[in-house]
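Quick notes on the structure that follows.
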Amino acid sequence: MNGAVVLIDAGGAGGVTLANQKTIATNGDGYAVLPFATAYHRNDVSLDSHSLPENVDLANSTVTLVPTKDAVVLARFHTHFGYKALFTLQSRGQPLPFGSEVRAKDTNSIVASEGQVYLAGLAPKGTLYAQWGRALSSAVAPATISPDAGADPPSTHFTADVIMSFLTLLRRVAMTLLFILLPAASGWACTPVFVRGQASTLRLNVGSSRFRLTPDPAPAVS
């Protein structure tokens, strides 16, 4: 080939076309070649987001390059594979504060208004964490993400409620230790009692709360 060439790396996403050249698409490994790039000038390489597979989301849709003459330059796009979901996060019936940090494996985002946060690249099952407030009152809230089995596409809207606050968890840990240590020191026989709440299990993870996720009703299709 004559002139500069752009090697496109779509992070393993195959069948993705360029925004301004529909005849060029990535192969099964997520690579494509764009010939005749303009040397010593800005070249904006953009992928067509509408051609992305259902389970793929782009972190950056455009890469800007300035190649030299006859160079081969790399345009790398960061992709997330997995489910896309919109969560409404609540604590004690109130939306999480605007700007709260939410993360899951390989993805993260910020809570917008009304406690809503959009996440892409979610595994079928995983743990969702949220953190907000001052250092002493912040909480990390794991929750299980489990789309409906066999649903196509799976449920993508959830409401998540915190069901165990940091203070509640701390009190339960203290009471558990009291039931264990006090009888040992006094010689009494005692069986620890774990108070079961709405959650089915109690994770002794200091500083954490948990979410209960429930799929929102699917919007009516007119």
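The values are calculated or read from the model by the stated rules, or taken from the named source; none is laboratory data. All values reported here derive from a predicted model rather than from experimental measurement. Every residue, glycine among them, receives a Cβ derived from its backbone with ideal geometry; neighbour counts consider all protein chains shown.
A few points about this structure:
- Count of segment 1-37 residues, restricted to those that are over 19 Å from Thr79 (Cβ atoms), hydrophobic (A, V, I, L, M, F, W, C) and free of Cβ contacts under 8 Å to residues at least 40 places away in the same chain, is 3.
- Test: Thr62 is within 25 Å of Gly14 (Cα to Cα), touching a strand residue (DSSP E or B) at 6+ places or on another chain (Cβ under 8 Å) and of a type in the set (S, T, N, Q): yes
- Residue check: Gly28 meets all listed conditions (1) at pLDDT 90 or above; (2) over 30 Å from Tyr129 (Cα atoms); (3) surrounded by 13 or more Cβ atoms within 10 Å (Cβ to Cβ) but one, namely (3).
- Strands (runs of 3 or more DSSP E) wholly inside segment 45-116 containing at least 1 residues that are within 13 Å of the chain's Cα centre (by Cα) and surrounded by 14 or more Cβ atoms within 10 Å (Cβ to Cβ): 56-58, 79-81, 83-91, 101-104, 107-110
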